[in-house]
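A quick write-up on the structure given underneath.
What follows draws every value from the coordinates through simple rules; no lab data is involved. All figures in this text were calculated on a predicted structure; none of them were measured in a lab. Virtual Cβ from ideal backbone geometry, glycine too; neighbours counted across all protein chains shown.
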Amino acid sequence: MKGQFLDTFKVFLHSRPSIDARLESRYSFLNNNATKVTGIRLGLSFRRKLRVGVGYSWLDTEVSDKKLITDAFGNVRNANNYLKFGYVCYYADFVFHKTKRWQLSVPIQVGTGMYWSQYHDGLKVVKSQKRLLLFYEPGITVQFKITKWCGLGLDVCARLALRNTNYVGNKLNSFVLAPKLLIWFDQIFYIAVPKSKITKKYGPATW
């Protein structure tokens, strides 16, 4: 089984890849509130069965705790202390089952970045020390192909923070949902320009 997987992997890597470019939103929970992490990805797709690449993601929702501070005017009060983070992610997505319209794959993502908190003291933004963020996201992806050039998908993953601190362990570990609207621009090109040299060489998908 291991030998067959390695042989398949080598076939993918020796095939001509296409570009995998995505703008995505991933939904999870922080402080028991629904949050959104926005990201961009750029990588390579091998025969539409193996995708690998890199991207950048950031927290795109306001998440805060109350913090007792002495503000710039000497007043003791509660302030909103906001969580912030951003990270570079490295991803791989391997398709293990495919029919005409349905596809199941195993996405794996590893992230490295920084997280910190910040509040406003009345005159300026006060930031905490930035700390290293490491996490691992295993999961499964379901994809439904509507036409040759568009479809719908859903990632269901678990975000597991690897940095051993109470804040990361308690706040960042979560299930992650990423609904997708999938558009294959190469297939749109093939359909729109059927007589081009590129279309004749690579051709539209049969399905």
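The sum of -39500 (n - 2.57) across all DSSP H runs of n ≥ 4, divided by the residue count of the chain, sets its helix-only mean residue ellipticity at 222 nm to -3500 deg cm²/dmol.
Across the stretch 37-47, coupling constants 3J(HN,Hα) worked out from phi with the 6.51/-1.76/1.60 Karplus curve, θ = phi - 60°, read 10, 9, x, 10, 9, 9, x, 10, 10, 10, 6 Hz, and Gly and Pro carry x. Each principal axis of the Cα cloud of the stretch 10-127 was evaluated for its coordinate range; sorted largest first, these ranges are 67, 24, 18 Å.
Expressed as a rounded percentage, what relative contact order does the stretch 54-125 have, with Cα pairs under 8 Å and six or more residues apart? Once normalised by length, the contact order is 33 percent.
Relative contact order of the chain: what whole-number percent is it, with Cα pairs under 8 angstrom and at least 6 residues apart? Answer for the chain is 14 percent. D for the chain, whole µm²/s, Stokes-Einstein with Kirkwood Rh over alpha-carbon pairs at 4 °C and 1.567 mPa s: what number? The estimated diffusion coefficient comes to 66 µm²/s.
Between amide H atoms placed 1.01 Å from N, distances below 5 Å from THR61 occur with LYS36, all of them 5 or more places distant or on a separate chain. Amide H to amide H, with H built 1.01 Å from N, LEU162 comes under 5 Å of LEU134, PHE135, TYR136, counting only residues 5 or more places away or on other chains.
Residue by residue, the stretch 111-116 carries 3J(HN,Hα) couplings of x, 9, x, 9, 9, 7 Hz when phi is fed to the Karplus relation 6.51 cos²θ - 1.76 cosθ + 1.60 (θ = phi - 60°); x denotes Gly or Pro.
What is the distance in Å between the Cα centres of the stretch 112-164 and the stretch 171-198? Value for the Cα centre distance between the two parts: 21 Å. What you get for the stretch 109-148, charging only the Cβ of Lys and Arg (+1) and of Asp and Glu (-1), is a dipole of about 160 debye around the Cα centre.
Per-peptide packing, taken as the mean over residues of other Cβ atoms within 10 Å, places 145-152, 104-111, 89-96 in the sequence 104-111, 89-96, 145-152 from highest down. Proximity of backbone amide H atoms, modeled 1.01 Å from N, is registered between LEU182 and GLY151, LEU152, GLY153 at under 5 Å, excluding neighbours fewer than 5 places apart on the same chain. For the stretch 6-106, the number of Lys pairs with C-alpha atoms closer than 24 Å, counting only pairs eight or more positions apart or on separate chains, is 9.
Overall, the stretch 108-199 carries a charge dipole of about 180 debye about its Cα centre when +1 sits on the Cβ of Lys and Arg and -1 on the Cβ of Asp and Glu, all other atoms neutral.
What's the magnitude of the charge dipole for the stretch 35-151 around its Cα centre, counting Lys and Arg as +1 and Asp and Glu as -1 at the beta-carbon? Answer in Debye, nearest 20.
On the way: 19 positive and 7 negative charges, 156 e Å.
With Lys and Arg at +1 and Asp and Glu at -1, about 740 debye.
Taking Cα atoms only, the orientation of helix 2-14 departs from the longest principal axis of the chain by about 80 degrees.
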